[in-house]
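In what follows, a structure is listed as structure tokens, so that the remarks can point back to it.
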């Protein structure tokens, strides 16, 4: 009666349904906010990763699993800089299979998976749209790779997994890192941040300044033989902070920290990674148009320093 | 592999389009979609076929007058039959029970969105309950009453509404119940 359809499409469809079935037991609905739905992914038996921006509270969190099963959970670590958070569950859950990102290419078929508050898993289909090197979030978090899928990210899919066609996790989806688009935090970054959070938190360097990027006038660049077209100016100094102890004042323009040239605010944030904590070194500045060098010791930033 | 998939997509689109029609009101205005169902019946949405009559337009441009022989606004379903003994002469769809669907299966919507005749959009099955088949497929006005099909071209639902960017279709099982409730008046 009908012309037959080659079965390539049916086998792809079966593979996709099987991929969703494989990951579904490891995808949970996270009830931690009255306003926002979110999903989470089981990293190990009692640890669930989700996105930080959907958590309105640290305790009394309920997870909804396959078949409307429930488990209580509490926050054990949060990293707003990468928008990741870890939850500890009261009951053991099914651990999500993970993918290797090395073989991933633009154009590969990917699925976003989430769970709604009725306990039903949903999925959407797309392709890898952009894939690039490491980047820094607007809050200064380091993400190993830029991974942007081209698919519909429905309400409640934040915190859920991006999976490949075998059902293995490529990363965690979030609306929290860009206003314009949903992005995927690669699984390698998730594993690194999770290890840091489980090991007692993410260490970040602290200088105790507010900054803005400024253009260097051509006359100043010529006078001091500077290659950079911009630098950062200190617009506020925290009382008793490392910058104040080093003698930095408002209006100083930072050109370099140690060996690193500082051309914008992001450069300075990168120079204040966890490895910088406790380190002392020379900071090259311009004060009232004249170059100076000061010795600065980087502190560790506590949560209150934001 | 790519050629296989392309070929399969083209064959699927061709098969489902062959069983999809345009449905206008009795004056030939407005436009939704309809499905040539087994048993010489065109199935569409109740909100597409509001009156006692409708005009069915086939892909080869024939416009045929049809009677609305059954209508259930609570399920948003209507059944049409061509009047005056004229033959529709179109291949009916193959129907699959929506109850068998698995989340993540490929879904294809065919219809006449925004005046585009026989447009195809694709996505994944989100979930299926007794009331709705929900799919990650982009619909537009004009898709109403058209088929939602699986990767083998079998129809699993009648596209009815768009909510939160998702396609909601009346399950094929509900269509069977709607048509089977009593003999369709001819």
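Data for the structure
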{"read-out": "Output for the stretch B:89-106, where each listed residue is in contact (Cβ under 8 Å) with a residue 60 or more places away in the chain and touching a strand residue (DSSP E or B) at 6+ places or on another chain (Cβ under 6 Å)", "value": "B:90, B:92, B:93, B:95, B:96, B:98"}
{"read-out": "Test set (1) within 26 Å of residue A:82 (Cβ to Cβ); (2) touching a helix residue (DSSP H, G or I) at 6+ places or on another chain (Cβ under 6 Å) - residue A:237 fails condition number", "value": "(1)"}
{"read-out": "Tally of residues being closer than 18 Å to residue A:302 by Cβ and either in a strand (DSSP E or B) or touching a residue at least 40 places away in the same chain (Cβ under 8 Å) (or both) across the stretch A:239-259", "value": "4"}
{"read-out": "Residue in the stretch A:215-226 that is without any contact (Cβ under 8 Å) to a residue 12 or more places away in the chain, part of a loop (DSSP other than H, G, I, E, B), over 16 Å from residue A:302 (Cα atoms) and more than 27 Å from the chain's Cα centre (by Cα) present", "value": "yes"}
{"read-out": "Conditions (1) more than 14 Å from chain A (Cβ to nearest Cβ); (2) free of Cβ contacts under 8 Å to residues at least 24 places away in the same chain: number failed by residue B:50", "value": "(2)"}
{"read-out": "Subset tally (residues that are on the phi > 0 side of the Ramachandran plot and without any contact (Cβ under 8 Å) to a residue 24 or more places away in the chain) for the stretch B:53-77", "value": "1"}
{"read-out": "Residue, nearest to the other protein chains (Cβ to nearest Cβ), within the stretch B:106-116, restricted to residues that are buried (at least 17 other Cβ atoms within 10 Å of the Cβ) and more than 14 Å from residue B:151 (Cβ to Cβ)", "value": "B:113"}
{"read-out": "Considering residues of the stretch B:108-119 that are in contact (Cβ under 8 Å) with a residue 60 or more places away in the chain and more than 12 Å from the chain's Cα centre (by Cα) only, the residue nearest to residue B:16 (Cα to Cα)", "value": "B:117"}
{"read-out": "Residues of the stretch A:243-264 satisfying the condition of being surrounded by fewer than 18 Cβ atoms within 10 Å (Cβ to Cβ), closer than 17 Å to residue A:140 by Cβ and in contact with a strand residue (DSSP E or B) (Cβ under 7 Å, 6 or more places away or on another chain)", "value": "A:264"}
{"read-out": "Condition broken by residue A:172, with the remaining ones in (1) more than 28 Å from residue A:94 (Cα to Cα); (2) modelled with pLDDT of 95 or more satisfied", "value": "(1)"}
{"read-out": "Whichever residue in the stretch B:65-79 is outside any loop (DSSP other than H, G, I, E, B) and either in contact with a helix residue (DSSP H, G or I) (Cβ under 8 Å, 6 or more places away or on another chain) or not assigned by TED's automatic domain parsing to the domain that holds residue B:39 (or both) and, among such residues, is nearest to residue B:21 (Cα to Cα)", "value": "B:79"}
{"read-out": "Residue check, residue B:110 modelled with pLDDT of 95 or more, touching a strand residue (DSSP E or B) at 6+ places or on another chain (Cβ under 7 Å) and farther than 19 Å from residue A:11 by Cα", "value": "no"}
{"read-out": "The stretch B:151-161: number of residues that are more than 10 Å from chain A (Cβ to nearest Cβ) and surrounded by fewer than 24 Cβ atoms within 10 Å (Cβ to Cβ)", "value": "1"}
{"read-out": "Candidate set: the stretch A:260-289, residues that are outside any helix (DSSP H, G or I) and farther than 24 Å from residue A:220 by Cα; chosen: the one modelled with the lowest pLDDT", "value": "A:273"}
{"read-out": "Test: residue in the stretch A:13-34 that is in contact with a strand residue (DSSP E or B) (Cβ under 7 Å, 6 or more places away or on another chain), within 28 Å of residue B:154 (Cβ to Cβ) and without any contact (Cβ under 8 Å) to a residue 60 or more places away in the chain", "value": "yes"}
{"read-out": "Failed item, numbered, when residue B:17 is tested on (1) in a loop (DSSP other than H, G, I, E, B); (2) within 14 Å of chain A (Cβ to nearest Cβ)", "value": "(1)"}
{"read-out": "Positions within the stretch A:227-242 being in contact with a strand residue (DSSP E or B) (Cβ under 7 Å, 6 or more places away or on another chain) and under 18 Å from residue A:264 (Cα atoms), in sequence order", "value": "A:228, A:229, A:230, A:231, A:232, A:233, A:234, A:235, A:236, A:237"}
{"read-out": "Residues of the stretch B:42-52 satisfying the condition of being more than 14 Å from residue B:160 (Cα to Cα) and at pLDDT 95 or above", "value": "B:42"}
{"read-out": "The stretch A:227-238: number of residues that are closer than 20 Å to residue A:301 by Cα and in a loop (DSSP other than H, G, I, E, B)", "value": "1"}
{"read-out": "Hey, residue B:32 under 13 Å from the mean Cα position of the chain (by Cα) and away from chain A (no Cβ under 14 Å) or not", "value": "yes"}
{"read-out": "The one condition in (1) at pLDDT 95 or above; (2) more than 16 Å from the chain's Cα centre (by Cα) that residue B:175 fails to fulfil", "value": "(2)"}
{"read-out": "Scope the stretch A:123-147; condition touching a residue at least 60 places away in the same chain (Cβ under 8 Å) and assigned to a strand (DSSP E or B); matching residues", "value": "A:123, A:125, A:136, A:142, A:143"}
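Here is a yes/no grid of residues against (1) away from chain A (no Cβ under 12 Å); (2) more than 12 Å from residue B:93 (Cα to Cα); (3) surrounded by fewer than 21 Cβ atoms within 10 Å (Cβ to Cβ):
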site	(1), (2), (3)
B:134	no, yes, no
B:139	yes, yes, no
B:145	yes, yes, no
B:149	no, no, no
B:163	no, yes, yes
B:172	yes, no, no
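The values are calculated or read from the model by the stated rules, or taken from the named source; none is laboratory data. If you're wondering where the values come from, they're calculated on a predicted model, not measured in any experiment. For neighbour counting, all protein chains shown are included, and Cβ atoms are generated from backbone atoms with ideal geometry for every residue, glycine included.
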